[in-house]
Amino acid sequence: MAQEDFDELVETFEFLDDWEDRYRHVIDMGKAMPPLEDELRVPATKVDGCASQVWLVSRVDGQGAGATLQFRGTSDAMIVRGLIAVLVALYSGRNAVEILSIDAAAELGKLGLNDHLSAQRSNGLRAMVARIQETAARVAAT
């Protein structure tokens, strides 16, 4: 399902010619995500390296390399919340091995994000991807 969600997002971005339309779509994706409960906004779930406040949580179904992971998150910045939604579309529903094999830069490049994000946003996006990959690596090792 995750690959289908992300492929659909890529198709949507191909349809949207203007970066401002894509930007609005990313923001709308963030607005559509369910809120993250306050009790999950703790230092352990906070992502370091982001200019904005970012929290990512995971749910693991199963054990080891075949365990499936689901991700949720939020941010105090609307565009970053949308970027979290993009990462959820890319990673959620995959097993740990699949997550570790994803070339995030190449996949996100399909959306043209690399060309339109500020350096701070790009660094934050890389920090979020690193957190997701660290989680997958930890799960795969169990």
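What to note about this one:
- Remark: the chain carries a charge dipole of roughly 640 debye about the Cα centre, counting +1 on each Lys and Arg Cβ and -1 on each Asp and Glu Cβ.
- Folded to 0 to 90 degrees: helix 119-140 orientation relative to the chain principal axis, Cα: 30
- Positive end of the dipole of region 78-142 (Cβ unit charges, origin at the Cα centre): among 106, 82, 129, the Cα lying farthest that way belongs to 82.
- Equivalent ellipsoid of region 27-72: semi-axes from √(5λ) of the C-alpha gyration tensor, largest first, are 22, 15, 11 Å.
- For the chain, averaging the sequence separation of C-alpha pairs within contact (under 8 Å, six or more residues apart) and dividing by the residue count gives a relative contact order of 29 percent.
- Percent of Cα-Cα distances greater than 21 Å, calculated over the chain: 39
- Rounded tilt (10° steps) of 19-32 against the dominant C-alpha axis of the chain: 40
Computed from the coordinates by the stated procedures, all read-outs in this text should not be read as laboratory data. Here the structure is a predicted model, which is why all the values come from computation and not from measurement. Neighbour counts are summed over all protein chains in view; Cβ atoms, including those assigned to glycine, are modelled from backbone coordinates with ideal geometry.
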